[in-house]
Structures are given as C-alpha cells and as structure tokens.
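Asks: Input: one structure, supplied below.
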Amino acid sequence: MATIKDIARLSGYSIGTVSRVINSHPDVSEAARQKIEQVIRETGFQPNSNAKLLKQTTTSAVTILVKGTKNIFLETILEEIQELLRVHREAVNVVFLDELADEVETAVQLCAERRPKGLIFLGANPDYLKKSFGEITVPAVLVSGDSSDLDFANLSSFCTDDFQAAKDAVGYLLKAGHTKIGIVGGMGERAHGNVGADRLYGAVEKLEENNISFDRERFYEQSKFSAENGYEATYKLLSRNPEITALFALSDTVAIGAMRAARDLGLRVPEDLSLIGFDGIEYSRYSVPRLTTVEQRSSLMASRSVEDLLLRLNYSRPAVHEKIPYRILEGESVRNLKNS
C-alpha cells in the first residue's frame with residue numbers, strides 16, 4: 001500500500017506539499033495539486049486518517065526524534081525530557097533513528113500524518129535541517145546541537161560548545177605530557193552544528209595550535225556513538241598505530257568500547273594508554289578505571305529545552321539558542337607522563 005512518502009517520491013514534490021494537497025490547503029500551486037492528485041488516484045493512496053479528521057485535529061503529542069539507537073548520553077536526556085513533559089501533562093511520542101538516517105525527512109512525514117504539536121530533536125544533521133526543516137511549521141527544539149546559524153524562526157537549540165570543549169579535552173591530555181594522541185568517533189565531514197565533526201575539528205585545532213600535525217590515517221578512526229563501534233574503531237586504530245599513548249573518544253559510549261578494545265590488545269588504562277571521553281554519563285563514574293571526561297550538564301540542557309518549547313507552544317516567543325556550561329571531570333583514566 002502506498003504511503004505519503006511514496007506519493008512525494010512519485011510526484012516529485014515534498015512530503016509537506018503532498019500533505020497540504022491532502023488537507024486541501026490553498027498555498028499549493030495548481031500544477032502541484034494536479035500532479036499529486038493524479039498520483040494519488042493512480043496508486044489508490046488512502047491517508048492513515050481521512051482529510052476531514054485531520055482538519056479537526058488541532059493538537060497532538062510532542063514528538064521526540066532521537067538520533068542514534070545506542071547513544072547513552074541522548075538516552076539520559078530523553079529520560080529527563082520525558083519526565084519534565086509528564087509533569088506538565090504533555091503526551092509524548094518517541095521515534096528512534098539510526099545515526100545515518102534523515103531525521104528531518106522523518107519529522108516532515110510525521111507532521112503530515114500525525115500532526116504533533118511540537119518537535120524535539122535529540123541530535124540532528126545540519127545538512128538535513130538546511131534541506132528540509134523549512135517545511136516544518138510547529139515549534140521545535142534541537143537538543144545537543146547548534147542551529148543558531150540556520151535562522152529558522154521556529155527552531156531553538158541548546159547544546160554544549162562542542163568545538164571548545166574538545167579543545168579543552170585535548171588540552172588536558174597535552175598538559176599531562178601526551179603528544180601521540182589518537183581520536184575515535186564521529187561520522188561525516190565538518191559542518192557547524194554537527195556534533196561529531198565539531199568535536200573532531202576542535203581537537204585537531206588544539207593539536208595544531210601546539211605545533212602537532214594531525215595525520216588522520218595514523219591517528220583517527222571514525223565511529224558511530226556506540227560502545228560496539230567504539231570498540232571496533234579503537235581496535236583498528238591501536239592495531240595500526242601502537243605509538244599512540246592517549247586516546248580522545250568523542251563520546252563516553254565510544255570510550256566504553258575503547259576501554260575494552262585496549263584491554264583485548266593487552267594494554268592497561270591508564271598505564272599503557274590514557275583515555276578521555278565526552279558527555280559525563282553516569283556509567284563513567286563507575287567504570288574501572290573511573291573515566292576522565294567532558295561532563296555536559298544534561299539536566300540543565302533538558303530543562304531549558306522543555307521550558308523553551310512549552311513557552312513557544314503557548315505564547316508567541318522567538319526561537320533562542322543557548323550554550324550550556326561544561327567541565328572536565330577528572331577520573332583515573334589519564335596518566336601524567338610528566339610525573340613518570
């Protein structure tokens with residue numbers, strides 16, 4: 001059976017335009033309307049809810065789209081956001097997506113079919129936002145990502161300064177005497193607001209500021225933000241470059257996998273390999289050794305995001321963009337070579 005996404009593909013128009021035709025909105029060109037209606041007739045498409053019912057529906061749940069299915073940090077924020085919305089008696093739908101999926105396309109489709117009253121993105125690809133977010137009209141918030149340069153009036157963002165925090169993480173390793181520093185994590189090329197890329201390039205800039213040339217082939221391995229992928233990437237990186245004395249994992253979830261990979265390669269943390277993570281998830285306080293990490297203030301990020309969304313759902317307020325404070329949380333996973 002055809003879906004609204006199929007109608008968009010076959011007609012050559014966006015999901016948002018298809019939705020406006022289905023719901024008899026006037027702001028559609030006659031050419032687009034005729035083409036879409038022709039495809040609907042040819043495919044026998046039947047909306048999940050008929051147009052009359054959709055018109056009568058004025059409010060629905062807040063929908064949360066989670067970018068990544070194994071990112072413990074985002075799961076932590078998700079739990080906090082869900083509890084805050086429950087306190088305010090807001091119904092919630094949660095959609096989990098793979099890190100490489102187009103979460104904005106999914107959001108556009110959800111807006112057409114389910115009509116959420118608001119959206120919360122836990123992580124998002126800035127390229128997808130640029131391409132498709134303009135089709136979304138409900139209030140939305142990007143959490144753990146920066147949309148300040150996209151200039152969408154209905155999209156706020158709350159995040160850590162990932163670029164600067166990554167510089168501080170590498171600076172911490174440099175102060176401990178490490179110069180052979182490997183980096184694990186992140187997917188894709190550099191783009192403002194892409195968390196993995198911002199962390200990677202912040203780390204590289206800090207190395208270059210200290211006259212350390214960064215050879216990606218020898219010192220970097222990309223990875224999704226999961227323990228499994230962190231393990232695989234770290235195993236590859238350390239196997240091909242045993243000179244590395246310290247590792248910056250671009251998330252604590254990746255760091256968990258990295259610890260196991262080091263152990264399986266016969267390396268001790270921190271005696272043979274120092275390790276610093278990024279996020280400050282609860283597990284990092286109980287790992288052996290206790291993980292040194294960049295601690296993000298997840299509770300503040302969650303509360304500010306929910307507060308902003310609820311205000312804009314009920315009042316005419318502009319979108320806002322805030323950087324949430326962070327700190328280096330010292331653990332036991334970094335060895336100071338200067339004391340050796």
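The values are calculated or read from the model by the stated rules, or taken from the named source; none is laboratory data. None of these values were measured; they are calculated from a predicted model. A quick note on method: Cβ atoms are made from the backbone with ideal geometry, for glycine too, and the neighbour counts reach across all protein chains shown. Each accessible area value is taken on the protein alone, full model and side chains, heavy atoms only, with ligands, DNA and RNA left out. Shrake-Rupley method; radii C 1.70, N 1.55, O 1.52, S 1.80 Å.
Asks: Given C-alpha coordinates of the range 162-294, what is the ratio Rg to Rh with the Kirkwood estimate of Rh?
Replies: Result for the range 162-294 is an Rg/Rh of 0.92.
Asks: Between Ser213 and Gln164, what FRET efficiency follows from the Cβ-Cβ distance if R0 is 22 Å, with the result rounded to 0.05?
Replies: 0.55
Asks: Tally up the carbon and sulfur contribution to the accessible surface of the chain as a whole percent, 1.4 Å probe, everything protein left in place.
Replies: Exposed carbon and sulfur together represent 46 percent of the surface.
Asks: Okay, moving on. Keeping all protein chains in position, work out how much accessible area Glu322 exposes to a 1.4 Å probe, and write it in Å² to the nearest 10.
Replies: 60 Å²
Asks: For the range 220-334, how big is Rg over Rh, using alpha carbon atoms and the Kirkwood form of Rh?
Replies: My calculation of the ratio gives 1.14.
Asks: Going highest first, how would you order 305-311, 156-162 by mean Cβ packing within 10 Å?
Replies: Highest-to-lowest ranking by the protection proxy: 156-162, 305-311.
Asks: Nearest 0.05, what FRET efficiency do Lys175 and Thr69 give at R0 = 35 Å with Cβ-Cβ as r?
Replies: My answer for the efficiency is 0.45.
Asks: Run through all the Cα pairs of the range 83-213 and give the fraction in each 5 Å bin from 0, expressed as whole percent.
Replies: Pair shares across the bins are 2, 9, 18, 19, 15, 12, 10, 7, 5, 3, 1, 0.
Asks: How tilted is helix 162-175 with respect to the longest principal axis of the chain? Cα atoms for both, answer in degrees (0 to 90, nearest 10).
Replies: The answer is roughly 10 degrees.
Asks: Express in % the proportion of alpha carbon pairs of the chain at distances exceeding 27 Å.
Replies: 49 percent
Asks: Could you do me a favour and compute the accessible area per residue for the chain, 1.4 Å probe, result in Å²?
Replies: 47 Å²
Asks: Here's something else I'd like to know. On a 1.4 Å probe surface of the protein chains, which of Lys167, Lys323, Lys175 comes out largest in accessible area, and what is the full order?
Replies: Of Lys167, Lys323, Lys175, the descending order of accessible area is Lys175, Lys323, Lys167.
Asks: Let me ask another. From largest to smallest, what semi-axes in whole angstrom does the range 80-147 give when each is the square root of 5 times an eigenvalue of its alpha carbon gyration tensor?
Replies: They are 20, 14, 11 Å, listed from largest to smallest.
Asks: Taking a threshold of 32 Å on the Cα-Cα distance, which of the pairs Lys5/Lys167; Lys130/Lys180; Lys70/Lys117 fall above it?
Replies: Those over the limit are Lys5/Lys167; Lys130/Lys180.
Asks: Quick one: net charge around Ser284, please, counting Lys, Arg +1 and Asp, Glu -1 for every other residue with C-beta under 10 Å from its C-beta.
Replies: Charge balance in the 10 Å sphere: -2.
Asks: Using 0.36 nm per residue of separation minus the Cα-Cα distance, give me the extension gain between Leu265 and Asn241 in nm, one decimal.
Replies: Additional length available on full extension: 7.4 nm.
Asks: Using only the alpha-carbon atoms, how far is helix 195-209 inclined from the longest principal axis of the chain? Give it as 0 to 90 degrees, nearest 10.
Replies: That works out to roughly 30 degrees.
Asks: Of Thr137, Thr63, Thr3, which has the most accessible area with a 1.4 Å probe, and how do the rest follow in descending order?
Replies: The residues order as Thr137, Thr3, Thr63, largest area first.
Asks: Whenever you get a sec, line up Lys35, Lys67 from highest to lowest accessible area (probe 1.4 Å, protein heavy atoms).
Replies: These residues rank, largest area first, as Lys35, Lys67.
Asks: Moving to a separate point now. With an 8 Å cut-off on Cα pairs and a minimum separation of 6 or more residues, tell me the relative contact order of the range 154-267 in percent.
Replies: Relative contact order here is 30 percent.
Asks: While we're on this one: With r as the distance between the Cβ atoms of Val95 and Glu42 and R0 = 25 Å, compute the FRET efficiency 1/(1 + (r/R0)^6) and round to 0.05.
Replies: So, using R0 = 25 Å, E works out to roughly 0.25.
Asks: Helix 298-314 versus the longest principal axis of the chain: what angle, 0 to 90°, nearest 10, using Cα atoms?
Replies: Long axis of 298-314 versus the principal axis of the chain: about 20 degrees.
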